[in-house]
Amino acid sequence: QVQLVESGGGLVQAGGSLRLSCAASGRTLSSYAMGWFRQAPGKERECIATISWSGGSTYYTDSVKGRFTISRDNTKNAVYLQMNSLKPEDTAVYYCAADPLVTKLKNRQANYWGQGTQVTVSS
């Protein structure tokens, strides 16, 4: 079984930055697409970014486009989310996930999920 563990969340003021990390153990995920998701209280989980197994193709939901950057380092079995110009509406629990198919990730499905890390943006 693969374990995904997120880190890097915390409390930050509006306009600030955070970098989230997701480390995988159990097996290499170099052949998997990876995604970042978030869920705010009372709202559905949304896919905010995905990256192909090679890192050559990325997707961002409109609300984070231009502010967030997803990247991966397959030698470290890790995926990252650089979050800049944070807004209060970015407040949520952020999850990383892995699946062979990007289309599944965009439909909020994945073979593996992390436990999540809280990001709180104050105004």
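The values are calculated or read from the model by the stated rules, or taken from the named source; none is laboratory data. Not measured: the values here are computed from a predicted model. A quick note on method: Cβ atoms are made from the backbone with ideal geometry, for glycine too, and the neighbour counts reach across all protein chains shown. Each accessible area value is taken on the protein alone, full model and side chains, heavy atoms only, with ligands, DNA and RNA left out. Shrake-Rupley method; radii C 1.70, N 1.55, O 1.52, S 1.80 Å.
Among the numbered conditions (1) surrounded by 14 or more Cβ atoms within 10 Å (Cβ to Cβ); (2) of a type in the set (D, E); (3) more than 19 Å from R108 (Cβ to Cβ), tell me where D73 comes up short.
(1)
Being open to solvent by less than 40 Å² (accessible area, probe 1.4 Å), out of contact with any Pro (no Cβ under 7 Å at 6 or more places or on another chain), outside any loop (DSSP other than H, G, I, E, B) and more than 18 Å from V2 (Cα to Cα), is that true of even one residue in region 95-107?
The answer is no; no qualifying residue exists.
Would you confirm whether any residue within region 24-33 is farther than 15 Å from L105 by Cα, in contact (Cβ under 8 Å) with a residue 24 or more places away in the chain and part of a strand (DSSP E or B)?
The answer is yes; a qualifying residue exists.
For region 84-94, enumerate the residues that are open to solvent by less than 20 Å² (accessible area, probe 1.4 Å) and part of a loop (DSSP other than H, G, I, E, B).
Correct list: L86 only.
Please work out which residue is surrounded by the most Cβ atoms within 10 Å (Cβ to Cβ), limiting yourself to region 6-23 and to residues that are part of a strand (DSSP E or B) and within 14 Å of the chain's Cα centre (by Cα).
This residue is C22.
Could you please tell me which pairs satisfy a Cβ distance under 6 Å, a separation of 6+ or placement on different chains, a first residue in region 43-63 that is on the phi < 0 side of the Ramachandran plot, and a second residue that is exposed (fewer than 14 other Cβ atoms within 10 Å of the Cβ) and at pLDDT below 95?
Listed pairs, sorted by first residue: W53/S31.
Consider region 41-56. How many of its residues are of a type outside the set (F, W, Y) and either in contact with a strand residue (DSSP E or B) (Cβ under 7 Å, 6 or more places away or on another chain) or open to solvent by less than 10 Å² (accessible area, probe 1.4 Å) (or both)?
Total meeting the criteria: 9.
If you scan region 44-62, which residues turn out to be over 20 Å from S30 (Cα atoms) and part of a loop (DSSP other than H, G, I, E, B)?
E44, R45, T61, D62 - these are the residues of region 44-62 that are over 20 Å from S30 (Cα atoms) and part of a loop (DSSP other than H, G, I, E, B).
Pull up region 108-123, narrow it to residues that are touching a Phe, Trp or Tyr at 6+ places or on another chain (Cβ under 7 Å) and either in a helix (DSSP H, G or I) or open to solvent by less than 60 Å² (accessible area, probe 1.4 Å) (or both), then point me to the one that is nearest to L18 (Cα to Cα).
V119
Quick one: R38 ticks every box in (1) in contact with a strand residue (DSSP E or B) (Cβ under 6 Å, 6 or more places away or on another chain); (2) exposed (fewer than 14 other Cβ atoms within 10 Å of the Cβ) bar one, so which box is it?
Result: R38 passes all but (2).
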